[in-house]
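S.K.: What follows is a single structure, and I will ask about it in a moment.
The values are calculated or read from the model by the stated rules, or taken from the named source; none is laboratory data. Bear in mind the structure is a predicted one, so any value in this text is a computation, not a measurement. Positions of Cβ are generated from backbone atoms using ideal geometry, with glycine treated the same way; all protein chains shown enter the neighbour counts. Heavy atoms of the whole protein, side chains included, go into the accessibility calculation; ligands, DNA and RNA do not. Shrake-Rupley method; radii C 1.70, N 1.55, O 1.52, S 1.80 Å.
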Amino acid sequence: MRIPRPLLKAILLLLGALVTATGIAAEKNVLVLLSKEQAEYQEVAGSLRQTLSQLSGQSIEVHIAALPDGARRLDDGTHPPPDMIVTVGTQAARLTALQRTSVPVLHTLLPRQAYLELVRDRSHDRTRRHTAIYLDQPLRRQLNLIGFALPEHTRVAAILGPATMALETDLATAARDRDLRLQTGHLSEPQELIPLLRDLLENSDVLLSLPDPLVFNSGTIHHLLVATYHQKIPVIGFSRAFVEAGALLAVYSTPAQTGRQAAEIVQQVLRTPVRALPPPQYPKYFAIAVNRRVAASLGLEVPDEQTLLNRLLGHSE
């Protein structure tokens, strides 16, 4: 039977409306912009894509692109704008912030202080809609880790540089709430690091490291770890690589965990008609790393990673 053309057109329009309404084929597009072609960044993007494919609901297509070396602006291109942008790393976040667009943006692997500066710099631009999953772990989570792993170590030292100076008040409050004695040193010049560290270690049981590029970088970490090791002071790191280099332990989020959290936010945002963004947040998923060789050398008995992880998961922050 031949369907009259007017009736066929009406049926197709109705089917199109139903498909769009139910989201069956109303595919959304997400652009994941990497700061560079780096394995860690690629793992975040891959985890995001995989998690979105596993989540029920909308059909979401993920496009992954890396910034070319030396990029100072985003390529406008000729493709339709994405429904959402996810940046991975600081450079991608900064370049995206320069674009005047109403597309919602989620930043990942971005230090909290860098995100706050990005927001402050773009506060006049009402077209910006962005949020973040911070690279940093919450201070209370890190201090809880010290309490669970090293209950006898109650004197905590921390060196603050330009990127972490603003955390001093929150750090002091979190330490006081856990009956920890906090000592902080302020670093403004690289050559001051070792003398400042020596002064702090004289009255400390443990050194808490916070991700500040002036304090902890490829040129300082070795000297810092050697100095603390000679003083028998354990270091609490902020990444697995730091623990492998000689820190005692760390709480950190893997790239796959970051991608998983990002996917959950993307699905949440694209599910709502107004594309409402959640507030910026700390990592939801995290892991523990312990350097057993360092623990043995320092004569410390530290619970295993799973035990520490379970205790942190069961403790409010």
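S.K.: For region 227-241, give me each residue that is over 28 Å from the mean Cα position of the chain (by Cα) and outside any loop (DSSP other than H, G, I, E, B).
M.R.: Ala227, Tyr229, His230, listed by residue number.
S.K.: Under the condition of being part of a helix (DSSP H, G or I) and small (Gly, Ala, Ser), which residue from region 47-62 is modelled with the lowest pLDDT?
M.R.: It comes out as Ser53.
S.K.: Of everything in region 124-181, what is of a type in the set (Asp, Glu), open to solvent by 30 Å² or more (accessible area, probe 1.4 Å) and farther than 29 Å from Ala256 by Cβ? Give them in sequence order.
M.R.: Glu152, Glu168, Asp177, Asp179
S.K.: Could you pull out the residue among Leu160, Leu95 that is under 25 Å from Leu225 (Cα atoms) and of a type in the set (A, V, I, L, M, F, W, C)?
M.R.: Details: Leu95 fails: under 25 Å from Leu225 (Cα atoms).
Matching residue, one of Leu160, Leu95: Leu160.
S.K.: Also, I was wondering about something else. Scan region 240-248 and tell me whether some residue there is surrounded by 14 or more Cβ atoms within 10 Å (Cβ to Cβ), under 30 Å from Thr51 (Cα atoms) and either of a type outside the set (A, V, I, L, M) or in contact (Cβ under 8 Å) with a residue 60 or more places away in the chain (or both).
M.R.: Looking for residues that are surrounded by 14 or more Cβ atoms within 10 Å (Cβ to Cβ), under 30 Å from Thr51 (Cα atoms) and either of a type outside the set (A, V, I, L, M) or in contact (Cβ under 8 Å) with a residue 60 or more places away in the chain (or both), one finds at least one in region 240-248, hence yes.
Per-residue answers, yes or no, for (1) at pLDDT below 95; (2) open to solvent by less than 70 Å² (accessible area, probe 1.4 Å); (3) assigned to a loop (DSSP other than H, G, I, E, B):
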{"position": "Leu8", "(1), (2), (3)": "yes, no, no"}
{"position": "Leu18", "(1), (2), (3)": "yes, no, no"}
{"position": "Ile24", "(1), (2), (3)": "yes, no, yes"}
{"position": "Ile64", "(1), (2), (3)": "no, yes, no"}
{"position": "Arg72", "(1), (2), (3)": "yes, no, yes"}
{"position": "Asp76", "(1), (2), (3)": "yes, no, yes"}
{"position": "His79", "(1), (2), (3)": "yes, no, yes"}
{"position": "Thr87", "(1), (2), (3)": "no, yes, no"}
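S.K.: Hey, among the residues in region 270-308 that are in contact with a Pro (Cβ under 6 Å, 6 or more places away or on another chain) and modelled with pLDDT under 95, which one's surrounded by the fewest Cβ atoms within 10 Å (Cβ to Cβ)?
M.R.: Per the criteria, the residue is Arg275.
S.K.: Something else: Are any residues in region 162-200 under 23 Å from the mean Cα position of the chain (by Cα) and part of a loop (DSSP other than H, G, I, E, B), and if so, which ones?
M.R.: Residues satisfying the conditions are Pro162, Ala163, Thr164.
S.K.: How many residues are surrounded by 20 or more Cβ atoms within 10 Å (Cβ to Cβ), out of contact with any helix residue (DSSP H, G or I) (no Cβ under 6 Å at 6 or more places or on another chain) and not small (Gly, Ala, Ser) when one looks only at region 253-269?
M.R.: 4
S.K.: Now for a separate question. Find all pairs meeting these conditions: Cβ atoms under 9 angstrom apart; at least six residues apart or on different chains; first residue within region 294-317 and closer than 14 Å to Ile236 by Cα; second residue assigned to a loop (DSSP other than H, G, I, E, B) and of a type in the set (Lys, Arg).
M.R.: Cβ pairs passing all conditions: Leu298/Lys232.
S.K.: If the requirement is being under 30 Å from Gly314 (Cα atoms), in a helix (DSSP H, G or I), touching a strand residue (DSSP E or B) at 6+ places or on another chain (Cβ under 8 Å) and among the β-branched types (Val, Ile, Thr), which of these qualifies: Ile146, Ile133, Ile159?
M.R.: Of Ile146, Ile133, Ile159, the one residue that is under 30 Å from Gly314 (Cα atoms), in a helix (DSSP H, G or I), touching a strand residue (DSSP E or B) at 6+ places or on another chain (Cβ under 8 Å) and among the β-branched types (Val, Ile, Thr) is Ile146.
S.K.: Considering only region 193-204, I want to know if a residue exists there that is open to solvent by 50 Å² or more (accessible area, probe 1.4 Å), more than 28 Å from Gly299 (Cα to Cα) and touching a strand residue (DSSP E or B) at 6+ places or on another chain (Cβ under 8 Å).
M.R.: Taking every residue of region 193-204 in turn, none turns out to be open to solvent by 50 Å² or more (accessible area, probe 1.4 Å), more than 28 Å from Gly299 (Cα to Cα) and touching a strand residue (DSSP E or B) at 6+ places or on another chain (Cβ under 8 Å).
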